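The values are calculated or read from the model by the stated rules, or taken from the named source; none is laboratory data. Every value quoted in this text rests on a predicted model; they were computed, and no experiment measured them. Glycine gets a Cβ as well: all are built from the backbone with ideal geometry, and neighbour counts include every protein chain shown.
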Amino acid sequence: MIALTSATGKLGSAVLNAILENNLIDTKELVVCTSSDPSASKFDHLRNKNITLRYNNFDDPSSLEGAFQGCDRLFLVSTPKIALDYNDAPLWSGREKHHRNAIDAAVKVGVKHIYYTSLAFGRPSKAGVMRAHIRTEEYLEQLQKEGKVDYTVIREGLYNESWPLYLGYYFGLKEETRKEIVVAGDGPISWTSIPDMGFCTAKILAGSPDEWKSRTVYLSQSQTWTAKEIAEMISKAKGEEVQLKVVGRKEFEDYYAKEKGMERPALEWWSSSYDAVKDGECKIEDSTLEDMLKEAGRKPKSLEVTVQEMMK
């Protein structure tokens with residue numbers, strides 16, 4: 001059996017949907033772990049497919065042990081509690097704390113293989129967002145050397161759907177009135193849609209664990225787009241020019257703290273991502289995703305299509 005964490009989140013639900021839509025894994029072998037009440041009616045459609053639902057909470061190791069009991073594999077989606085990472089969180093105080101709780105619980109109850117969703121930056125990385133991911137990857141590597149568990153690191157591409165975060169928090173979309181978007185850097189990013197990553201991640205989970213053992217695989221398409229190119233897409237969608245203004249990290253942090261009232265710890269944590277982007281960390285050269293999609297008769301979804309859809 002395989003335990004799936006965060007199966008109702010953006011990536012987790014895309015993975016679960018791909019498993020179900022393509023009949024990749026027998027539903028009786030699936031254990032969906034949720035921090036919500038597993039008996040809630042919103043999960044009836046899963047229960048009707050003979051999927052087991054269990055409660056888990058990353059802050060409660062005993063709940064994690066109960067959730068993973070009887071499973072030989074674990075799909076561990078990284079926790080979204082990014083505030084844990086702020087202020088240069090020391091080791092085991094950042095998001096990796098939640099990841100370690102899940103990993104230790106899995107090892108304790110006999111899970112043999114853990115698939116961990118990391119992010120498609122480099123290693124080492126200049127991005128603060130990668131600190132917890134790399135710490136988690138290193139912990140899994142250590143445990144495998146000790147013979148306690150096997151692992152696969154799935155470095156999921158930067159979501160097509162998350163471009164507003166990288167484009168100066170452009171979450172207002174059509175309602176945005178800014179004619180100039182302030183960012184702290186620009187560079188090529190292998191943007192990849194969540195459904196494409198969900199499908200390919202599901203294929204990995206459905207395959208033999210031995211095929212993916214000890215591997216770090218990037219699920220990104222090869223084509224890249226810059227923030228400047230995204231600004232041009234937005235200009236086209238809005239029918240008016242939206243320009244990109246690249247500034248230093250300190251100026252970026254000051255601007256959004258003052259103009260948008262954003263918390264400085266969050267800005268400081270995030271702004272380092274631009275250093276990584278400028279260095280080309282997010283230009284991914286791994287054909288795994290495109291090969292899997294091609295085999296299924298599919299092509300990666302273009303970022304331009306996603307931007308057009310989101311701007312409607």
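Quick notes
- Unique match (being under 20 Å from the mean Cα position of the chain (by Cα) and either under 21 Å from Ser6 (Cβ atoms) or of a type in the set (A, V, I, L, M) (or both)) among Ala184, Ala206, Ala231: Ala206
- In the stretch 227-248, the residues that are buried (at least 17 other Cβ atoms within 10 Å of the Cβ) and under 17 Å from Ser273 (Cβ atoms): Ala227, Ile230, Leu244
- All conditions but one from (1) more than 20 Å from the chain's Cα centre (by Cα); (2) in a helix (DSSP H, G or I) apply to Leu244; the one that does not is (2).
- Among (1) within 19 Å of the chain's Cα centre (by Cα); (2) surrounded by 18 or more Cβ atoms within 10 Å (Cβ to Cβ), the one test that Thr224 misses: (2)
- Scanning the stretch 254-312 for residues that are assigned to a loop (DSSP other than H, G, I, E, B), at pLDDT 95 or above and more than 20 Å from the chain's Cα centre (by Cα) yields Gly261, Met262, Glu263, Asp279, Ala296, Gly297, Arg298, Lys299.
- Close pairs from the stretch 293-304: first on the phi < 0 side of the Ramachandran plot, partner β-branched (Val, Ile, Thr), Cβ under 7 Å, at least 6 apart: Pro300/Thr192
- Residues within the stretch 188-230 that are within 17 Å of Glu161 (Cβ to Cβ) and in contact (Cβ under 8 Å) with a residue 24 or more places away in the chain, tallied: 21
Yes/no matrix, rows are residues, columns are (1) over 23 Å from Ala206 (Cβ atoms); (2) among the small types (Gly, Ala, Ser); (3) outside any loop (DSSP other than H, G, I, E, B):
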position	(1), (2), (3)
Ile114	no, no, yes
Lys126	yes, no, no
Arg131	yes, no, yes
Ile134	yes, no, yes
Tyr151	no, no, yes
Trp163	yes, no, yes
Gly168	yes, yes, no
